[in-house]
Amino acid sequence: MKLIINADDFGLSHGQNYGIIDCFINGVVASTTLLSTGAAFNHACSLAKKHPTLDIGVHLSLDLGAPLSDCHMISTLLDSTNQFNRYNLEANHIDVNPEEVYTEWRAQIEKVIAIGLTPSHIDSHHHIHMMVNIFPIYLRLAREFQLAIRFHPRKWSEQQIQQALPLLKGLRYADQFLNSFYGTTITPNFFAELNLEEGKSYEMMCHPAYLDQWIMEHSSYNIQRSVEAETLQASRTRQLIQQRGINVINFQQL
């Protein structure tokens, strides 16, 4: 059983960054995805360079932070103030020009590379990459930059899943994605109750952070982030993972 514990939102705020780094040094986080549009992007990059064994990916965004591309090149992604649109996240399609998504997301990946980091994987804020009209753009970028992906078609029909599977050939991704370490499930016992199969790989999403003003003012998911940070560094968590024979890996080891 292989488990990637990936911390999303690296670069969101200083408190988020420190929480993720401490969960890497003292806990069970092995991988993180960096938010190029985040307010604390440079701070996150500085920390990442001090810890070169932390596996870095890119947390692609269409609805958080400041867009990187010229507003005239990505007009369908922006509101009247030239900030990112807000989307119905319960849908599986968003009304945008996919080529503009490609332009913006390519800029977000290139920003990480330009600062001297080498990403190994990509996912997205609010899982927007799994919108059916955006997913082909996501795969296109994964192939261009040779990046592993996050695949979790929970809102797709069986027909859509079967049509997508051939498109994944040659790309690296965990056999199953776990988004259940969230809210009330955040305890060390989560790892005791995980239903994992021998011979399979899993990716688990998390958001550990220390609370700061940015998180408290901008995120409704706030106190839970600090609970995650404590849980992912708890000795009980490490003990359970070891007792169950779970091999914690990163995307480079897939």
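The values are calculated or read from the model by the stated rules, or taken from the named source; none is laboratory data. Everything quoted here is computed from the prediction, not taken from an experiment. Reconstructed Cβ throughout: ideal geometry from the backbone, glycine too, with neighbour counts over all protein chains shown.
Below are the figures for this structure:
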item	result
Residue within segment 50-63 that is polar (S, T, N, Q), farther than 21 Å from Asp175 by Cα and crowded, with 20+ Cβ neighbours inside 10 Å present	yes
Test set (1) more than 17 Å from the chain's Cα centre (by Cα); (2) surrounded by 20 or more Cβ atoms within 10 Å (Cβ to Cβ) - Ser75 fails condition number	(2)
Verdict on Ala39 being touching a residue at least 12 places away in the same chain (Cβ under 8 Å), in a helix (DSSP H, G or I), on the phi < 0 side of the Ramachandran plot and crowded, with 17+ Cβ neighbours inside 10 Å	no
Segment 26-36, subset among the aliphatic types (A, V, I, L, M) and within 15 Å of Ser120 (Cβ to Cβ), residue surrounded by the fewest Cβ atoms within 10 Å (Cβ to Cβ)	Ala30
Output for segment 157-176, where each listed residue is touching a residue at least 12 places away in the same chain (Cβ under 8 Å) and either in contact with a Leu (Cβ under 6 Å, 6 or more places away or on another chain) or aliphatic (A, V, I, L, M) (or both)	Ala164, Leu167, Leu168, Leu171, Arg172, Ala174
Of all residues making up segment 42-60, the number that are in a helix (DSSP H, G or I) and either closer than 12 Å to Ile20 by Cα or among the β-branched types (Val, Ile, Thr) (or both)	3
Entirely in segment 83-165, the helices (runs of 4 or more DSSP H) that have 1 or more residues that are modelled with pLDDT under 95 and of a type in the set (D, E, K, R)	158-164
Checklist (1) in contact (Cβ under 8 Å) with a residue 40 or more places away in the chain; (2) over 17 Å from the mean Cα position of the chain (by Cα) applied to His125, failing item	(2)
Counted residues, segment 20-40 - those being closer than 23 Å to Glu104 by Cα and touching a strand residue (DSSP E or B) at 6+ places or on another chain (Cβ under 7 Å)	5
Qualifying residue in segment 110-118 (condition: surrounded by fewer than 14 Cβ atoms within 10 Å (Cβ to Cβ), within 16 Å of Ser36 (Cα to Cα) and under 18 Å from the mean Cα position of the chain (by Cα))	yes
Any hit, segment 144-156, residues being among the β-branched types (Val, Ile, Thr) and touching a residue at least 60 places away in the same chain (Cβ under 8 Å)	no
Qualifying residues in segment 191-221 (those that are surrounded by 18 or more Cβ atoms within 10 Å (Cβ to Cβ) and acidic (Asp, Glu)) - the one farthest from Gly38 (Cα to Cα)	Glu203
Filter result for Asn179 (within 13 Å of the chain's Cα centre (by Cα) and surrounded by fewer than 18 Cβ atoms within 10 Å (Cβ to Cβ))	yes
Qualifying positions in segment 168-178 - hydrophobic (A, V, I, L, M, F, W, C) and either modelled with pLDDT under 95 or part of a strand (DSSP E or B) (or both)	Phe177, Leu178
Number of the exception - Asn179 against (1) touching a residue at least 60 places away in the same chain (Cβ under 8 Å); (2) out of contact with any Leu (no Cβ under 7 Å at 6 or more places or on another chain)	(1)
